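One structure is given below, encoded as structure tokens.
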Amino acid sequence: MKHFGYLIPGTGLDPAEEDRRLSILQRLAPRLKLDILTVAKAPLTIESEEDELNAIGPTVSLAKQRQREFDGFIIGCFADIAIDELRHSLSIPVIGPARSVYTTAAIMYKSFSVVTIQEALVKHEWQMAETMGCKAQVETVLPLNIGVKTVIEQPDEAINRVNQLIQNLHTPAFFVGCMSYAFLLAERGITEVQGLKVLNPLETALGTAYVLSL
């Protein structure tokens, strides 16, 4: 059984939340051994480009220290924090949930939409779509404008906000660029909203890990 580390580049999760996420990971990927690794010093959550930059160093440092224990890493942040640096400096695979879900969406659908956590990250998602070669397939990027803390502590509110935001979408599918929301979707088994397919970056990342383990 291949062993993957789930790298969390923020410090805002308490032990109970980490345990909840690990149980969801294990349920979704029973053929993988999974552990959660959290950086010691970094922003509480990743909700801006500044947060992303401040999280790169601690994430790379942690991965380098622990890489011999694992067959690969999954980055526990939709920003795919430090993925280029990690892939350059490590000898094991590094999976980015954003890259995995953009690739999956582009393969499966002629068009799709993206919901991001904050207005400040809209530009980042357009850049990611361009990097992944699927910008022409993205109908729109919509900001949810709520914090990660709200997603964790008020999950029903987070779900309602997304449901309201997507009411006028014309694409067959969308995904939310937030791993806390991805865990919420997985926990509740939500795969479709208002007739639209909901892609889950957590599941696409774990699927990629499983393929790499074969």
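Overview of results
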read-out: Subset of the range 18-60 [surrounded by fewer than 19 Cβ atoms within 10 Å (Cβ to Cβ), charged (D, E, K, R) and out of contact with any Ser or Thr (no Cβ under 9 Å at 6 or more places or on another chain)]; value: Asp19, Arg20, Arg27, Lys33, Asp35, Glu49, Glu50
read-out: Within the range 52-73, tally of residues that are closer than 14 Å to Thr11 by Cβ and not hydrophobic (A, V, I, L, M, F, W, C); value: 5
read-out: Ala136 being at pLDDT 95 or above, crowded, with 19+ Cβ neighbours inside 10 Å and not β-branched (Val, Ile, Thr); value: no
read-out: Meets criteria (under 18 Å from the mean Cα position of the chain (by Cα) and touching a residue at least 40 places away in the same chain (Cβ under 8 Å)) for Thr38; value: no
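The values are calculated or read from the model by the stated rules, or taken from the named source; none is laboratory data. Note that the coordinates shown come from a computational prediction; the quantities given were computed from them, not determined experimentally. Because the Cβ atoms are built from the backbone with ideal geometry, glycine has one as well, and the counts that use them run over all protein chains shown.
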